[in-house]
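**Student:** Right, I'll just put the structure down here and ask away after.
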Amino acid sequence: MAASGSSLKSYLLVRIAMVIPTILILLTLVFLLMRVAPGNPVTAALGGHAPPAVIKELTHQLGYDRPLYQQFGLYVWHILHGNFGTTITDKRQVTEIILQNGAATLELTVAAMIVALLVGVPIGLLAGRFRDRPVDAVTRLFGVVMYAMPVFVLGLLAQILFGSILNWLPISGQASPLTTALMTTHTNILLMDAVIDGNWPAFWDVFDHLILPATTLGLVFAGVFIRLVRVNVIRTLKDDYIEAARARGIRERAVVYRHAFRNALVPVITVIGLEVALLMGGAVLTETTFNWPGIGHALYIYLENRDYAAVQGIVIVFGLVVVASSLVVDFISALIDPRMRYK
Amino acid sequence: MSAASPTPSSAAARPRRALAPGLGRALKPIAEARGFARGMLWSGAILTGVFVFMGIFAPWLSPYRYDQYQLKGAAFPQLAPPSALHIFGTNVQSTDVLAQIIWGAQTELEVVALALIFALTIGVPLGLIAGYFGGIFDRILVLIMDAMYAIPPLLLALVIAFLLGSSITSGIVVAACAITIVYVPQYFRVLRNHVTSVREEPYVEAARAIGAGPFTILRKYIFFNVIQTIPVLATLNAADAILTLTGLGFLGYGVQPTQGAEWGYDVSRAVGDAASGIWWTTLFPGLAIVLLVTGLTLLGEGLNETINPVLRQRATTHMNMDEEDPA
């Protein structure tokens, strides 16, 4: 145990070193996918009506007429310098899209994750504690149905019920047009911008717009947490130290709440990181359903306009976020649980 | 790797042993399933069965064709609420919602079956070979598959469908290919890890000692041991694949409306209806997705709890040791 400090350090270094080939292969895969596809990206983006001279000029300007290996080298070189390319259709920097639309996606996904944890963890604990009782059966069914529910179906049903029948909540966009017009931009995250300005009417307007999309996305992910927490509670309740705690005469309630639940929640951290990939896929659908101006919505529009450069840049950014979050999760679990480091 | 020469001819010449006892033994845990697992297994099988039935007999079950918008010259009403003529109402394209759902079952099952076949034929051999031989081939494959994990599944499928959409005309094949790419890494990873752990088992060692070649060992000794995890994984993946397919359809990159009914696409056409409180165009296709995915999930989880000895719960009062037949 004397070397535990250095073993943590070496584990982290190895883990970081392992990320480099993953990223390189990710970049290569995306590049190959976009280039192997038939057709000239410029023609695809401009449509069939552009004059050939314009297409030729733009193709040359964007480097699509160079040999493939040169294109690849340039592409990797640019990405290493934080340049994810420029869209063909509207000449925006991909980094600019990430900064502007990413804030909306961040707001949505963080809020959704909070909803997922608030709903999923208590229900999972309850189901695991009362395994095979009616409450467990109901929760498991709820978990399965939530998993089976596409986020866009849940979103539309929520829109119909809370938006158009009950008329309680707005069903589209991130804020009312009036609010957007009157707000000043600091972080692009509207909730924070409203707080910074102390603009409470704007804050509540943004908050109202956030409720339906975040709850929709969050509920779908709550299913994952319910299943995970339930299994972990069942597993920890069988562990030796629980038996030992019982043998020491600690009351059953205290055994369950202090010992079992706490340990059952550690893997949740790992899973949050693993769910980032799924959460992003869900965000694309949620953003499209609720007309939410995030990266997923931007991707949807660029796909429709057949803008290969934009699609390539956005997909890479999504991939990098997933790689980074799995790295962070591994760091955290290595810090919490020493057993991880020796795997 | 070991230098044993492959002897495919001698292995192929031997007649295959009767499948029946093996099948009986494989199905035994299912017959013995109890309690919750049994309930899940049966309700899952029934739900899935209903949709398979719907898919196969769609032309006879459905009141109209999926792209039919008129009957004997009289056009269907647009966005009509459920009525006797259209039990689930009609949608914005004046087609019958019930017909869309019944024909949709056919599309979903076709795509998922095709994707499953593709993914298994690619993932299983790659996993077997990489796991057994190891080496540089294995390292590279693992790296590639790991990098593929980094792209969110729906996004990967979306990009593939987007790229293939312009060169392959059949939407069903495009969607199946897109879904295949998402699931190949899973089969690869599961099989590869399983093979790596089984590779050094004494019975494999023994087979090697009597001079069996690597491909004989893979086919006769390892394959049937590691393949047992596949039915559970495939069923659960099928559930997930339906979600991916409907997600693609919702974004407009799945099966095109001229080629077949697709639930995700139907829901995407209902986005505009939500603001005016029209519920039948969302609720019914949505319900179909939920029920089919739930059915497949229950089936998969039920199978898992039945087959997986760690999770298996048998009737505890029913312990006849001599019941073990030596087949």
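The values are calculated or read from the model by the stated rules, or taken from the named source; none is laboratory data. Fair warning: this is a prediction, and the values are worked out from it, not measured in the lab. Ideal geometry is used to build each Cβ from the backbone, glycine not excepted, and the neighbour counts take in all protein chains shown.
**Student:** If you scan region A:180-223, which residues turn out to be at pLDDT 80 or above and in contact with a Phe, Trp or Tyr (Cβ under 7 Å, 6 or more places away or on another chain)?
**Tutor:** A:Leu212, A:Pro213, A:Gly223
**Student:** Anything in region B:249-269 that is at the interface with another protein chain (Cβ under 8 Å from one of its Cβ atoms), in contact with a Ser or Thr (Cβ under 8 Å, 6 or more places away or on another chain), buried (at least 21 other Cβ atoms within 10 Å of the Cβ) and not hydrophobic (A, V, I, L, M, F, W, C)? List them, or say none.
**Tutor:** B:Gly264
**Student:** Another question about this same structure. Any chance you could count how many residues in region B:199-248 are away from chain A (no Cβ under 14 Å), at negative phi and of a type in the set (Gly, Ala, Ser)?
**Tutor:** Qualifying residue count for the region: 6.
**Student:** What are the residues in region A:156-168 that are under 17 Å from A:Gly218 (Cα atoms), facing chain B (nearest Cβ under 9 Å) and not aliphatic (A, V, I, L, M), if any?
**Tutor:** Scanning region A:156-168 gives a single hit, A:Gln159.
**Student:** Name the residue, out of A:Gly85, A:Gly120, A:Gly102, A:Gly124, that is surrounded by 16 or more Cβ atoms within 10 Å (Cβ to Cβ) and in contact with a Lys or Arg (Cβ under 8 Å, 6 or more places away or on another chain).
**Tutor:** Matching residue, one of A:Gly85, A:Gly120, A:Gly102, A:Gly124: A:Gly124.
**Student:** Applying the selection to region B:58-109, what residues are small (Gly, Ala, Ser) and surrounded by 14 or more Cβ atoms within 10 Å (Cβ to Cβ)?
**Tutor:** Listed by number, the residues that qualify are B:Ala58, B:Ser62, B:Ala80, B:Gly89, B:Ser94, B:Ala99, B:Gly104, B:Ala105.
**Student:** Still on this structure, please answer the following. With the condition kept exactly as written, say whether any residue in region A:4-20 is at pLDDT 75 or above and under 17 Å from A:Leu303 (Cα atoms).
**Tutor:** no
**Student:** Another question about this same structure. Please state which of the following conditions B:Gly295 fails to meet, knowing it meets all the rest: (1) at the interface with another protein chain (Cβ under 8 Å from one of its Cβ atoms); (2) modelled with pLDDT of 90 or more; (3) over 30 Å from B:Leu163 (Cα atoms).
**Tutor:** (1)
**Student:** How about region B:131-159: which of its residues are among the small types (Gly, Ala, Ser), at pLDDT below 90 and touching a helix residue (DSSP H, G or I) at 6+ places or on another chain (Cβ under 8 Å)? It would help to see each step written out before you state the result.
**Tutor:** Of region B:131-159, the ones among the small types (Gly, Ala, Ser) are B:131, B:134-135, B:147, B:150, B:157.
Remaining after also requiring at pLDDT below 90: B:131, B:134-135, B:147, B:150.
If the condition is that a residue be among the small types (Gly, Ala, Ser), at pLDDT below 90 and touching a helix residue (DSSP H, G or I) at 6+ places or on another chain (Cβ under 8 Å), then B:Gly131, B:Gly134, B:Ala147, B:Ala150 are the ones that fit.
**Student:** While we're looking at this one, here's another question. Give the residues of region A:128-186 that are over 22 Å from A:Val284 (Cα atoms), assigned to a loop (DSSP other than H, G, I, E, B) and in contact (Cβ under 8 Å) with a residue 40 or more places away in the chain, sorted by residue number.
**Tutor:** Listed by number, the list holds a single entry, A:Arg131.
**Student:** Within region A:277-320, track down each residue that is within 11 Å of the chain's Cα centre (by Cα) and without any contact (Cβ under 8 Å) to a residue 60 or more places away in the chain.
**Tutor:** Residues satisfying the conditions are A:Ala277, A:Leu278, A:Gly281, A:Val284, A:Phe318.
**Student:** Quick check on region A:133-155. Is at least one of its residues of a type outside the set (A, V, I, L, M), within 24 Å of A:Phe203 (Cα to Cα) and within 12 Å of chain B (Cβ to nearest Cβ)?
**Tutor:** Checking region A:133-155: at least one residue is of a type outside the set (A, V, I, L, M), within 24 Å of A:Phe203 (Cα to Cα) and within 12 Å of chain B (Cβ to nearest Cβ).
**Student:** For residues that are surrounded by 13 or more Cβ atoms within 10 Å (Cβ to Cβ) and under 17 Å from A:Ile25 (Cα atoms), tally how many sit in region A:63-73.
**Tutor:** Result for region A:63-73: 2.
**Student:** Could I ask something else about it? Assigned to a helix (DSSP H, G or I) and either modelled with pLDDT under 80 or surrounded by 18 or more Cβ atoms within 10 Å (Cβ to Cβ) (or both): does that describe A:Ala244?
**Tutor:** no
**Student:** Let me ask something else about it. Among the helices (runs of 4 or more DSSP H) confined wholly to region B:196-313, which include 1 or more residues that are within 23 Å of A:Ile160 (Cβ to Cβ) and of a type outside the set (Val, Ile, Thr)? Let's see the steps before the verdict.
**Tutor:** Details: elements: B:202-209, B:223-226, B:230-251, B:263-269, B:280-307.
The qualifying helices (runs of 4 or more DSSP H) are B:230-251, B:263-269, B:280-307.
**Student:** Which residue is nearest to the other protein chains (Cβ to nearest Cβ), if the candidates are limited to region B:270-292 and must be surrounded by fewer than 19 Cβ atoms within 10 Å (Cβ to Cβ) and within 18 Å of A:Thr288 (Cβ to Cβ)?
**Tutor:** So the residue we want is B:Ala275.
**Student:** Any residue at all in region B:235-244 that's in contact with an Asp or Glu (Cβ under 7 Å, 6 or more places away or on another chain) and of a type outside the set (Ser, Thr, Tyr)?
**Tutor:** yes
**Student:** Pick out, from region A:252-343, the helices (runs of 4 or more DSSP H) lying fully within it that include 1 or more residues that are within 14 Å of chain B (Cβ to nearest Cβ) and either of a type in the set (D, E, K, R) or surrounded by 22 or more Cβ atoms within 10 Å (Cβ to Cβ) (or both).
**Tutor:** It comes to A:266-290, A:295-304, A:308-336.
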